[in-house]
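Structure first, commentary second.
The values are calculated or read from the model by the stated rules, or taken from the named source; none is laboratory data. Computed from a predicted structure; not experimentally measured.
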Amino acid sequence: RKHKNDLEKKNSLKRHIWKKIATNINNEESSSYTWDQIQNKWKSLLRTYKNVKDHNNETGRGRKNWQYFDLMDELLKGNPTVQPPVVINNGEITVCSGSQPSMSAEDSPRNTRSNTPESSNRKRKSSCGMSDLLNSILKQNKQQHEEEMVEKRRFNTLLEKLVNNILNKE
């Protein structure tokens, strides 16, 4: 948690940060982990977190529980690598509801299940300019496709008439 901001910076050398983390862990735990081992462990935790989150967000699947899910969810909530801000799927543009107003501890709903992620199946359409631009591009592509199909049908009809005329002359 201490080094989260350092790792999110684009211009920082991650190797140096992982070395600091390894030094801190080795001093606190009196162990001898290398920075590479700690970095690989983090990648493994991140991969497991994404797998559990994806599994639980798919419909028709049983819930997966993982003992570190709540901790990882707290650390990675709002991270665009885990929860993308915009998703384009089958021509639909949806904005994920990741930027919701924060609730205080008293206002937050109680979770009856432990170690399970909150599922949000509801997706909202975006009203921002980027979304409108992408929607207009998709409409334009669809219109061009329909025009191409009309032309191809016309070409096929003409070709069919030509073949029929050739066969009738013989």
Which one of the conditions (1) modelled with pLDDT of 75 or more; (2) part of a loop (DSSP other than H, G, I, E, B); (3) among the charged types (D, E, K, R) does Asp73 fail to meet, given that it meets all the rest? (2)
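Go over the candidates Ser32, Ser102 one by one and state the one that is outside any helix (DSSP H, G or I) and modelled with pLDDT of 70 or more. Can you show your working first?
Numbers: Ser102 fails: modelled with pLDDT of 70 or more.
Matching residue, one of Ser32, Ser102: Ser32.
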Residues of the stretch 37-69 being within 19 Å of the chain's Cα centre (by Cα) and either among the aliphatic types (A, V, I, L, M) or outside the structural domain of His16 (by TED's automatic domain parsing) (or both), which ones? Leu45, Leu46, Val52
